[in-house]
Amino acid sequence: GASGEILLAVIGLAVLPAIYEELLMRGILFRSLRTAAGFWPAALLSAAFWGIWHWNPAQCVTAFGAGLVLALLMEVYDSLALVILLHMANNLMSVFGWLLTRWIPGVLRGPGASAGGDGILLLAEGLAAVWLFRKVKTGEPLRRR
């Protein structure tokens, strides 16, 4: 039934991909690059790789932006759990948007319609950009020690 479809969608499209991708992208790739090359090269390279990982051109752009935000959050909070939870939240928005398109006729269909969680992602990216600009402008360190 519908509840089984929701559970499978949440686990298969929101929870498991967030855990798997964050363990690889921020847990292994970003941290390894961060140790070898510093924050900015690690953030840019891991975000670019994550964008390419998504393959779809539209997702490549948003995944790159999200990858930068998640790398920044890893730098500041050093918490893989935090980035996994944020990734899950974004994926959940996409899953519920997709489920709406299946159950409610005409919802989110048509040219340019998106069933994704890009709204929350763009808000997070915007807030992170403002925060980062303020840090760079004032010369404050990114990470509190």
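The values are calculated or read from the model by the stated rules, or taken from the named source; none is laboratory data. All of these numbers come straight from a predicted model, not from anything done at the bench. Note that we place each Cβ from the backbone using ideal geometry, even for glycine, and neighbour counts take in every protein chain shown.
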| query | For the subset of the range 42-65 comprising residues that are within 12 Å of the chain's Cα centre (by Cα), of a type in the set (A, V, I, L, M) and at pLDDT below 90, which member is nearest to Leu16 (Cα to Cα)? | reply | Ala63
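Would it be correct to say that Ala43 is assigned to a helix (DSSP H, G or I) and within 15 Å of Asn90 (Cβ to Cβ)? Walk me through it before giving the result.
Working: assigned to a helix (DSSP H, G or I): yes; within 15 Å of Asn90 (Cβ to Cβ): no.
Against the criterion (assigned to a helix (DSSP H, G or I) and within 15 Å of Asn90 (Cβ to Cβ)), Ala43 does not qualify.
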| query | Any chance the range 74-86 includes a residue that's in a helix (DSSP H, G or I), modelled with pLDDT of 75 or more and in contact with a Cys (Cβ under 9 Å, 6 or more places away or on another chain)? | reply | no
| said: Quick check on my filter: what residues within the range 29-87 are on the phi > 0 side of the Ramachandran plot and in contact (Cβ under 8 Å) with a residue 40 or more places away in the chain? | reply: Asp78
